[in-house]
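To start, the structure itself, in structure tokens.
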Amino acid sequence: MDALPGSFHTLYLVRHGESVYNAEGRVQGQSDIPLSPHGERQSEAVAQALASVPVTAVYSSPLLRARQTAERIAAVHGLPIFFDDRLKELHAGIFQGRLRSELPVLFPEEYAAWSSGDPYYVIPGGQSRYQVRQRGKEVLEEIAARHTGHTVVVGHGALFRFALAALLGHEGVAELPPLANGSITVLGYEGDGRFRILAYNQVDHLRHLGPSSLGDL
């Protein structure tokens, strides 16, 4: 992937590679789950896709699946990784560790409330979309204002989807479409709090690896 011109600062938002829970169809939230073998290959592919970009900083969620992805990217550029707890995934409370297929049976009311898309619904023992949206927006704004050039941020599907909806000022839209494991979304920062998406959910660098699991959390 070549560096994209035209922005004062470009952020490459990388969703971590497939985790063991992703492969099993389990909700992970903030459970500290490692990459699956397929996810390790995806992370290597992401690192190679970004090898030609003159990256000057790498940030990551401290959760293992994100950290393992970020380590491969940082190694290519010889950079340290800055970890920030605000880049963690939504805490999925009582859903964490459960198979997705189990949720409607085990937690019918809670699952229905979550599936409604209500941004303020707090999963018991966990968080709401709105809470994650606000912390994600805050940390991405800070990173964008702190650097110039090209920065990689490794995080999670729901976190990025919620935060981007807020950064782009999409009124009434709580989240953007799903992001694939190992995908790259390119965000341009033009100063004064103004962002624009230059590329969303890029996966061309993963096609030779075959399909991955679905789902954000």
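The values are calculated or read from the model by the stated rules, or taken from the named source; none is laboratory data. From a predicted model like this one, the values you see are computed outputs, not experimental measurements. A quick note on method: Cβ atoms are made from the backbone with ideal geometry, for glycine too, and the neighbour counts reach across all protein chains shown. For accessibility, only protein heavy atoms count, side chains too; no ligands or nucleic acids. Shrake-Rupley method; radii C 1.70, N 1.55, O 1.52, S 1.80 Å.
Quick notes on this structure:
- The residues of the stretch 79-139 expose, per residue, 52 Å² of accessible area to a 1.4 Å probe.
- Calculated FRET value between Thr56 and Tyr121, using beta carbons and R₀ = 25 Å, to 0.05: 0.05
- Segment Thr148-Ala75, length gained on full extension (0.36 nm per residue, minus Cα span): 24.2 nm
- For the chain, DSSP calls about 45 percent of its internal beta bridges antiparallel.
- Calculated Rg and Dmax of the stretch 1-88 using C-alpha coordinates, Å: 13.3, 41
- For the stretch 15-140, average projected area of the Cα convex hull in nm²: 7.9 nm²
- Euclidean distance of C-alpha centroids, the stretch 25-40 and the stretch 156-217, integer Å: 19 Å
- The portion of the accessible surface of the stretch 1-125 made up by carbon and sulfur, rounded to a whole percent, is 55 (1.4 Å probe; DNA, RNA and ligands excluded).
- Pairs of Cα atoms farther than 20 Å apart, the stretch 66-159, %: 48 percent
- 5 angstrom amide H check on Val154, placed H, neighbours 5+ away: Val14, Tyr59, Ser60, Ser61
- The residues Ser213, Ser183, Ser52, sorted by heavy-atom accessible surface at 1.4 Å with ligands and nucleic acids left out, run Ser52, Ser213, Ser183 from largest to smallest.
- When the alpha carbon gyration tensor of the stretch 102-217 is reduced to an equivalent ellipsoid, the three semi-axes, largest first, read 27, 20, 11 Å.
- Range of Cα positions in the chain per principal axis (Å), largest first: 48, 39, 26
- GluC sites (Glu not before Pro) within the stretch 144-213: DSSP coil, no more than 11 neighbouring Cβ in 10 Å: Glu171
- Which of Val53, Ala23, Ser43, positive extreme of dipole for the stretch 1-105 (C-beta unit charges): Ala23
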